[in-house]
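K.L.:
Just dropping this structure here.
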Amino acid sequence: MTIIVTGGAGFIGSNFVRYMLKKYPLYRIVCIDKLTYAGNLSTLSDCLGSENFRFCKTDICDRAEIFSVFEEEKPDIVVNFAAESHVDRSIEDPEVFLTTNILGTQVLMDASREYGVKRYHQVSTDEVYGDLPLDRPDLFFTESTPIHTSSPYSASKASADLLVLAYHRTFGLPVTISRCSNNYGPYHFPEKLIPLMIANALSDKPLPVYGEGLNVRDWLYVEDHCKAIDLILHGGTVGEVYNIGGHNEMKNIDIVRLICKELGKPESLITYVTDRKGHDMRYAIDPAKISAELGWQPETMFADGIKLTIRWYLDNKDWWQDIISGEYRNYYDKMYKNR
Ligand code: NAD
Ligand code: TDX
């Protein structure tokens, strides 16, 4: 069994590569990643020496290169994590989101058709459903909730989802799609809420909370997401969409306060800054389908997962300090200086 994992040098993709190498020592895992600002080979350093692992520095939009990797590897399964993934960047500069997230998906599916891939899995997001109001805690996203996007990022992910379903219906490509809620855990890039707050708090820097901090996200430990994708690859029904989420809704401000408490830092570091444009209020996934059909349940509760995550950032300062000392510093100044 050969699995191509795109975006495997990023946050969730690298956790998935590690999870699969450990669980299936007889599978061959081929990681394709362009190594954008968000991809880092040091994230995969413990995998690079494995005999059944190959890394290809390739852009998913590069048709010739992608077809050549497929020709060499003849993959059974393709799992597409590769994407531009940060909402704030999509508001600053949407174009690369459309190129990578939509056209890159098309190239991968064309190669999957050509080489008779048995399963093409698209890693999507709960953000394709838009947001829910704060005063309707009874409402959740199901797989039949209409697509209703807010940001260029979520619009690009929704476009890709529609294209994936079109390739299934028109060409019979054996696809599945998963739509997961917010992940957290090791190797999360420090531009995202949880690692950004941990890194800033450790350096006694201001903790920039957008708006009033009342927006709600539904957090899932990254390994639980990896387990869900594994179950979909091995037991999911072709042509279907699966929502993934652990019913763990939290307000942003409560997360930031918790991080201060765990690190013994004062809440006076919290600084309220200008809100994100088009900021989604609440995400909340109903995971009933994947639970009933595939027996998936989240295993790491947030109270434990956040401690594991903070411990990981304390034990792996080199990894994130390298990142925040480089090009990322320009991004940070641009986004937060006059906010
Ligand atoms: P990430 O930004 O940490 O990693 C993305 C990876 O894709 C990086 O390694 C980057 O180098 C690579 N990449 C980007 N453009 C590429 C291109 N053109 N060709 C090849 N590689 C390219 O993202 P993440 O948070 O790990 O998210 C992974 C996937 O999961 C994305 O598709 C995202 O939409 C989805 N998702 C993320 C979350 C979350 O909470 N982070 C939740 C649900 C779904
Ligand atoms: O500095 C910050 N301050 C702040 O208040 C940052 C970076 C974020 N926030 C808020 C915005 C959101 O309400 O925290 C919340 C979480 O923000 P992000 O970490 O940027 O995640 P989000 O916008 O919810 O999107 C994430 O989940 C869905 C991922 O980045 C997406 O790739 C995924 O699809």
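K.L.:
Suppose all protein chains stay in the model; what accessible area per residue would a 1.4 Å probe give for the chain, in Å²? Mind dumping the intermediate values first?
P.N.:
Details: 14260 Å² over 339 residues.
Each residue of the chain exposes 42 Å² on average to a 1.4 Å probe.
K.L.:
Specify the residue with the greatest mean-square fluctuation among ARG136, ARG276, ARG18, computed from a Gaussian network of the chain linking alpha-carbon atoms under 10 Å apart.
P.N.:
Of ARG136, ARG276, ARG18, the Gaussian network model singles out ARG136 as fluctuating most.
K.L.:
Separate question: State the extension gain, in nm to one decimal, for the chain segment bounded by TYR24 and PHE171, taking 0.36 nm per residue of separation less the distance between their alpha-carbons. Don't jump to the answer; show the numbers that get you there.
P.N.:
Values: separation 147, 0.36 × 147 = 52.92 nm, distance 3.03 nm.
So the extension gain works out to 49.9 nm.
K.L.:
Taking the highest mean first, how do the peptides 249-259, 325-335, 205-215 order by number of other beta carbon atoms within 10 angstrom per residue? Please list the in-between numbers first.
P.N.:
Values: 249-259: 18.8, 325-335: 12.6, 205-215: 17.3.
Ranked by mean Cβ neighbours within 10 Å, highest first: 249-259, 205-215, 325-335.
K.L.:
Here's a follow-up. Just the number, please: carbon plus sulfur as a percent of the accessible area of the stretch 125-271, 1.4 Å probe, no ligands or DNA/RNA counted. List each step's numbers first, then the result.
P.N.:
Details: 2820 of 5360 Å².
Summing carbon and sulfur atoms, their accessible area is 53 percent of the total for the stretch 125-271.
K.L.:
Based on the mean of other Cβ atoms within 10 Å per residue, sort peptides 197-203, 11-17 so the most packed one is first.
P.N.:
Working: 197-203: 19.7, 11-17: 25.7.
Going by the mean number of other Cβ atoms within 10 Å, highest first, we get 11-17, 197-203.
K.L.:
Let me ask you something else. I want to check the label-to-label distance for GLN321 and ILE147. Put each point 7 Å from Cα in the C-beta direction and report it in nm to one decimal.
P.N.:
4.4 nm
K.L.:
Could you tell me whether the stretch 191-267 comes out rounded, prolate or oblate from its Cα gyration tensor? Rule is a ≥ b ≥ c as square roots of the eigenvalues, rounded for a/c under 1.5, then prolate if a/b exceeds b/c, otherwise oblate.
P.N.:
Working: a/c = 3.30, a/b = 2.43, b/c = 1.36.
In terms of gyration-tensor shape, prolate.
K.L.:
Additional query: To the nearest 500 deg cm²/dmol, what mean residue ellipticity at 222 nm is calculated for the chain from DSSP H runs of n ≥ 4 alone, each contributing -39,500 (n - 2.57), summed and divided by the residues? Numbers along the way, then the final one.
P.N.:
Values: 13 runs with 139 residues, N = 339.
Value at 222 nm, helices only: -12500 deg cm²/dmol.
K.L.:
Please state the Cα pair-distance histogram of the stretch 157-286 with 10 angstrom bins from zero: what percent is in each bin?
P.N.:
Bin by bin from 0 Å, the calculated values are 11, 33, 30, 17, 8, 1.
K.L.:
Using a Gaussian network model of the chain whose springs link C-alpha atoms within less than 10 Å, name the residue from SER159, SER150, SER68 with the highest mean-square fluctuation.
P.N.:
SER68
K.L.:
Scan around ILE270 for amide H atoms under 5 Å from its own, H built in the peptide plane at 1.01 Å from N, and keep only partners 5 or more places away or cross-chain.
P.N.:
When sequence neighbours closer than 5 places are left aside, the close amide H contacts are LEU207.
K.L.:
Shape call for the stretch 1-122 from the C-alpha gyration tensor, a ≥ b ≥ c root eigenvalues: rounded (a/c under 1.5), prolate (a/b greater than b/c) or oblate? Before the final figure, lay out each step's value.
P.N.:
On the way: a/c = 1.99, a/b = 1.23, b/c = 1.62.
Oblate.
K.L.:
In vacuum, with every alpha carbon of the chain counted as one equal point scatterer, what does the Debye formula give for log10 I(q)/I(0) at q = 0.11, 0.12, 0.15 Å⁻¹? Two decimals, please.
P.N.:
-0.69, -0.83, -1.36
The values are calculated or read from the model by the stated rules, or taken from the named source; none is laboratory data. The shown structure was predicted, so the numbers you read here are calculated from the model rather than taken from an experiment. We place every Cβ from the backbone using ideal geometry, glycine too, and count neighbours over all the protein chains shown. These accessible areas exclude ligands, DNA and RNA; they are computed on the full protein's heavy atoms, side chains included. Shrake-Rupley method; radii C 1.70, N 1.55, O 1.52, S 1.80 Å.
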